[in-house]
Amino acid sequence: MNKSTILTGLLTLGLLPALAQKQPVDLVNPIVDAANSRWFFFNSASRPFGMVNLSPDNAVNADWGAGYRYHQDSIKCFSHVHGWQLSGVPVLPTTGPFKGHLGADQYGSKFSHGKEVMKAGYHKVVLDTYNITAELTSTTRVGFHKYTFPAADQSHILFDFSTFLGPSDTQKGFVKKVSNQEIEGYAIMAPTIRRPKILPVYFVAVFDKPFESFKGWRKGQLEAIDNQIEGERVGAYVSFKTKAGEVRKMKVAISYVSEEQARLNLKAELAHWDFEKTVQDSRTDWNNWLSRIEVEGGSDTVRSRFYTDLWHALQGRRIISDVNGKYSDMTGPERRIRQIPLDASGNPKFNHHNSDSFWGAQWTLNTLWHLVYPEVTESFVNSMVMMYQDGGLIPRGPAGGNYTYVMTGAATTPFIVSAYLKGIRGFDIEKAYEGLRKNHFPGGMMSKAGYEHNTVKGGGVEYYIERGYIPHPLSKTRYGFHQDGSTQTLEYAYQDYTLAQMAKKLGKMDDYELFMKRSQNYKNIWNPELGWMWNRTLDGKWAEPVDILRYDNGWEEGNAAQYTWFVPHDVPGLINLMGGKEAFVKKLNSSFEKAQQHDFVSGKSHDKETLEQYRRVFLNYGNQPSIQTAHLFNYAGAPWLTQYWARQVVEKVYSGISPDAGYSGDEDQGLMGSLAVLLKTGLFSTNGGTSPDPYYELSSPIFDKITFKLNPKYYKGKQFVIDAKNNSAKNLYIQSAQLNGKPLNSPWIQHETLVNGGTLTLQLGAQPNKAWGNQ
């Protein structure tokens, strides 16, 4: 028997797992940037877009600094909801005299990373204070807990509804004993400055073994209760004796509608008690999603980071509807329970979603989701259109059924338009257009600055329509957080262009002409003497003093140097403003050379980005405003510089497996994970796929081979392959290209061509071929 046969036999018997090819799910590493976790950033025991995303919380009572924080040495609780402006249902197993009423700082436990395991869909940690091993997994709407206890006369599982979780305090709690193996209740999460209305979170918790007692506390004091407790600063706990090594399991189902709906979610998604099966089911689920893109080449670390990036792109923006399509509508003055339409099989046609803003999604989610996960795109579009029907506006970032008015502009217009132009059309297109159009006029989203809940002034759209720009400052009053006229002017111009393309496809030519004319408004804040975009004041003059590196002050989460490049719909027009291609390339290349000195970011974490000395930078790939810039060289006849700088950004910003770095700022629910995936595969879209015939722009992929597996319900091509010959860290320049065996001399590929399937072959080398792609 030869060596090959022996190895094959051993692999079949599972005796050489290290030699087996790792699956994409096995390469995911949740540790990336975990020291800087924002409340919703860290994920472990969750499913794609899961309503439940169960994980340890090392810190509470903060939005940015709460949740899983790698360098904290204690775990305060395990909570079930980590979403943008969403939180709820914290639990913890303990032993000994009960301390839950004293608060998380008292009842929390020390732990160590040496005894911790975290994977996609699974988390294991030892609570050293109590000698309890906790394992966590989930379905989409149910958290599954497995606790291995020591011998103890007093073992407990607590539910704390007196705690401040992530973005919000707990306003009120209710817990009721249903039986000695089941409890139910709800938490009313308080309003936040971003989410203006309460968030009711309902739950049902069932236990695999009976508990002996059910008790509670109120305002820090233990309280004798019958079978339920309700009110402010309350909590409840179940207690029982345990033997050494005794395993106790608990399932916690969530709903935003009612306890009855939580119980329905539980029965539909997790009828059994096989914890290991659920872990394996989650692994399989994640692997199916992640395997839509297969990469070959690169080290284990490089591939691990890629699939971690892709995993992040499928997190954060949570499902908030139940398994039968019921959901909580918070758009009106009173909470309303509504029903998503059902298909012929009785299943909801789509999910309702929670989401941070789509601000920056034109360079991230538009390209990745529309191409690789079109069914996700369609679900999100339907969710937005449904909110329009419920509340009168298509949202730019809904939280728990609320409008939040997060960030600026009509940020979801490019997302929906791009989907439509790419043939993703399983939604009410006329209703969608009606809602999008409304957002581009007074009273719509363009009237509201960030978190402007009660007025429609901070958006400045009337000035934009009448003058062609939005002054900064707009007024002495700050109506919203993000009232930055120059950024708003540039965003509105781009968003108007995108809506114009949909109008044209729908035969609405008057609208097409109107929005195309408005899309040129970006030119009104170009200061030709300065050579940069700049603020204009209410009297029409250029603002004084001039400082293109000054952060905010007209420029949302950026500065004039970064925003000057924000003309994604008319790069040729911007090139002309700058005096032609040569001047454009020189200016942009100079910005990259300066940005290279600080690794293209404003510090390696968001807390650094908030410091003034880190903000005075020409480009920042740790936040959204200038993440398209490397690809602009393609438009100016210098695609080799797109190839070069895109690779440098990947190396400095989106490489490595470290808890201390990884996204260098604000990952924003998959935006930067998606960007990293695109940069590494060499596909991008500066205008977000919103031109009449959408196309992709090429840069230099970091892998030898990339296979995109296409969803046959949307695209007829089975797969699209990028084959990068002679690829290495040094061989980053495209020498020549072939598309389906024919020479390709352009740095563009049409969307329709790509989704029809085929192969793009790139020959890479160490020196730029300045003749290739120089269109």
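Please treat every number below as a calculation from the coordinates, not as lab data. Note that the coordinates shown come from a computational prediction; the quantities given were computed from them, not determined experimentally. Positions of Cβ are backbone-derived with ideal geometry, glycine not excepted, and every protein chain shown enters the neighbour counts.
Sort Ser55, Ser475 so the one with the fewest other Cβ atoms within 10 Å of its own Cβ comes first.
By the 10 Å Cβ count, ascending: Ser475, Ser55.
Based on the mean of other beta carbon atoms within 10 Å per residue, what is the order of 699-706, 150-157, 193-200, most packed first?
699-706, 193-200, 150-157
Test of understanding: what is the full-extension gain from Ser299 to Thr759, defined as 0.36 nm times their sequence separation minus their Cα-Cα distance?
163.3 nm
Starting from the 7 Å offset along Cα-to-Cβ, what nm value, one decimal, do you get for the label separation of Arg478 and Asp153?
Between Arg478 and Asp153, the simple spin-label model gives 5.8 nm.
Going Cα to Cα from Lys99, which aspartates and glutamates come in below 12 Å? Please leave out same-chain ones fewer than 8 positions away.
Result set, ordered by chain and number: Asp160.
Between their Cα atoms, which of Lys517/Lys586; Lys215/Lys267; Lys581/Lys770 are more than 18 Å away from each other?
Lys517/Lys586; Lys215/Lys267
Which shape class applies to the stretch 415-553: rounded if a/c is under 1.5, otherwise prolate when a/b exceeds b/c and oblate if not, where a ≥ b ≥ c are the square roots of the Cα gyration tensor eigenvalues?
Taking the square roots of the gyration eigenvalues as a ≥ b ≥ c, the stretch 415-553 is prolate.
Per DSSP H run of at least 4 residues, take -39500 (n - 2.57); add these up for the chain, divide by its residues and hand me the 222 nm value, nearest 500 deg cm²/dmol.
Mean residue ellipticity at 222 nm (helix-derived): -8000 deg cm²/dmol.
What spacing in nm lies between the two simple spin-label points modelled at Ala771 and Lys243, each 7 Å away from Cα in the Cβ direction?
Taking the simple label geometry, Ala771 and Lys243 are separated by 8.1 nm.
Neighbouring Cβ atoms within 10 Å as the yardstick, rank Tyr107, Tyr68 fewest first.
If I rank by nearby Cβ atoms, fewest first, I get Tyr107, Tyr68.
With Cβ to Cβ distances under 9 Å as the rule, what net charge do the other residues near Phe49 carry (K, R +1; D, E -1)?
Taking every Cβ under 9 Å from that of Phe49, the sum is +3.
Glu212 versus Glu232, label points 7 Å from Cα toward the beta carbon: distance in nm?
Computed distance between label sites Glu212 and Glu232 equals 3.6 nm.
Sort Trp645, Trp772, Trp748 by Cβ crowding within 10 Å, fewest neighbours at the top.
Trp748, Trp772, Trp645
Report the extension gain between Lys587 and Leu506 in nm, rounded to one decimal, defined as 0.36 nm multiplied by the number of residues separating them, less their alpha carbon distance.
Length gained between Lys587 and Leu506: 25.3 nm.
Let me have the relative contact order for the stretch 30-290, percent, based on Cα pairs under 8 Å that are six or more residues apart.
Reported as a whole number, the value is 20 percent.
Can you tell me which aspartates and glutamates have their Cα less than 18 Å from the Cα of Lys587? Leave out same-chain residues fewer than eight positions away.
Glu529, Asp547, Asp570
So which of Lys177/Lys197; Lys476/Lys523; Lys146/Lys209; Lys22/Lys709; Lys604/Lys652; Lys349/Lys431 end up more than 20 Å apart by C-alpha?
Pairs exceeding the cut-off: Lys177/Lys197; Lys476/Lys523.
List the residues, sorted by chain then number, that are 5 or more residues from Asp63 or on another chain and whose placed amide H is less than 5 Å from its amide H.
Those qualifying (amide H under 5 Å, at least 5 residues apart or on another chain) number zero.
Among (1) 1.04; (2) 1.28; (3) 0.96, only one was calculated for this model; which label is it, if the read-out is Cα Rg over 2.2 N^0.38 Å?
Step by step, Cα Rg over 2.2 N^0.38 Å for this structure corresponds to label (3).
If contacts are Cα pairs under 8 angstrom and at least 6 residues apart, what is the relative contact order of the chain in percent?
11 percent
Just need the relative contact order of the stretch 485-592 here, percent rounded to a whole number, with Cα pairs under 8 Å and 6+ apart.
Dividing the mean separation by the residue count of the stretch 485-592 yields 24 percent.
Whole angstrom only: what separates the Cα centroid of the stretch 50-83 from the Cα centroid of the stretch 180-252?
So the separation of the two Cα centres works out to 18 Å.
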